[in-house]
1. Under a Cβ-only charge scheme (Lys and Arg +1, Asp and Glu -1), can you give me the dipole magnitude of the chain about the Cα centre, in debye to the nearest 20?
2. Can you tell which of 72, 55, 46 shows the greatest fluctuation in a Gaussian network model of the chain with Cα springs below 10 Å?
3. To the nearest 10 degrees, how steep is helix 72-85 against the longest Cα principal axis of the chain, on a 0 to 90 scale?
4. Tell me the trypsin sites (Lys or Arg not before Pro) within the range 26-90 that lie in a loop according to DSSP and have at most 10 other beta-carbon atoms within 10 Å.
5. So for the range 33-85, averaging the separation of alpha carbon pairs under 8 Å that are six or more residues apart and normalising by length, what relative contact order in percent results?
6. From a point 7 Å beyond the Cα of residue 85 in the direction of its Cβ, which residues of the range 28-68 have a backbone N at a distance under 11 Å?
7. Which one of 59, 12, 76 has its Cα pushed farthest toward the positive end of the charge dipole of the range 1-87, where Lys and Arg give +1 and Asp and Glu give -1 at the Cβ?
8. Using 0.36 nm times the number of residues separating residue 18 and residue 65, minus their current alpha carbon distance, what extension gain do you get?
Amino acid sequence: QQGMAVAPVVANLGPLEALTLTPNPDEVEEVFTLPLAHLLHEENQGYTHFRTANGYGYTLPVFLNGPHKVWGLTAIITELTLELLVPGRY
């Protein structure tokens, strides 16, 4: 969709058990968490290669081995966040 803006927010929310989240069900199917340590393990990091009609298209990050595969825009934002939070470790 053209003209769409995304504003990722990183915050320390305290104990997750104390939170009551009410995401928009039209946009969010399920809420889950992954520890930073999980995201930093190489076996949980990967890339997905997409092809176009002309052959090679593009490559995007993916995070594996959690309750769900983290891919698409969420994985891109996660990768950029890790590069900022732990430079040299990711």
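1. Details: 3 positive and 9 negative charges, 57 e Å.
That gives the chain a dipole magnitude of about 280 debye.
2. Among 72, 55, 46, the largest mean-square fluctuation in the Gaussian network model of the chain belongs to 55.
3. 70 degrees
4. Numbers: sites: 51, 69, 89; in loops: 69, 89.
The qualifying sites are 89.
5. On the way: 54 pairs, mean separation 12.7, N = 53.
Result for the range 33-85 is 24 percent.
6. The answer is 34-40, whose backbone nitrogens lie closer than 11 Å to the label point.
7. Checked the options; the winner is 59.
8. On the way: separation 47, 0.36 × 47 = 16.92 nm, distance 2.54 nm.
Result for the pair: 14.4 nm of gain on full extension.
The values are calculated or read from the model by the stated rules, or taken from the named source; none is laboratory data. For clarity, every value in this text was computed on a predicted model and none was experimentally measured. Every residue, glycine as well, gets a Cβ built from its backbone with ideal geometry; the counts of neighbours run over all protein chains shown. Remember, those area values only see protein heavy atoms, side chains included, never the ligands or the DNA or RNA. Shrake-Rupley method; radii C 1.70, N 1.55, O 1.52, S 1.80 Å.
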